[in-house]
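Every read-out reported here was derived from the displayed coordinates using simple, explicitly stated rules and does not represent laboratory data. Small disclaimer: the values here were computed from a predicted structure and weren't measured.
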Amino acid sequence: MEKELVSNASSLIFIGKLGIFYLLKNICQRVLIPKQVFDEIFKYDKSENNLIQKELDSNFIVKQDIKKIKDIPLHIGERAAISLCLEKNIKIFLSDDKKARSYARSLSLDTIGVLGIILESLKLKSINKKQAKELIRKLIDKGYYMSPGLYAKTLELIEEV
């Protein structure tokens, strides 16, 4: 288990929508977010914000200041999160944004997304295959985009565990 990781907004929003912070806690002890990600999450009053706020109150999610945001062609939240990883020497970036993940990997950061959390939780036996498939279906129902190829590959990976 990693001590800390840094997240962008959309991944935390989807984790909140699914109510699976307990699975994220199998992966790390704490999630750091820059102010820009915090602002993006709480820009609108959404039902998942209550769960995210609860994790902030318990200090599982911690808002951090950044000295300097890298100039990379990404949305401000992703730029700030990647910058926070580099500034704090945290090696794992939680994101489901393909472009942001690619930039993070080019900077020697490891990436994980919501699907990765579900698969890792399955490997750790925190959930079973049926629960993993149900979470994938709920994720899509909540607006998570997944190509048919990725969906098929994810189901294949679930069956291989």
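Brief remarks on what is shown
- Cross-link check: pairs Lys63/Lys88; Lys70/Lys153; Lys35/Lys88; Lys54/Lys133 evaluated at a Cα-Cα cut-off of 22 Å; pairs beyond the cut-off: Lys70/Lys153; Lys54/Lys133.
- Equivalent ellipsoid dimensions for the chain as semi-axes, Å, which come from the Cα gyration tensor, largest first: 24, 17, 15
- Stretchable slack from Asn49 to Val161, in nm (0.36 nm times residue separation minus alpha-carbon distance): 37.1 nm
- Over the chain, relative contact order from alpha-carbon pairs under 8 Å, at least 6 apart, %: 25 percent
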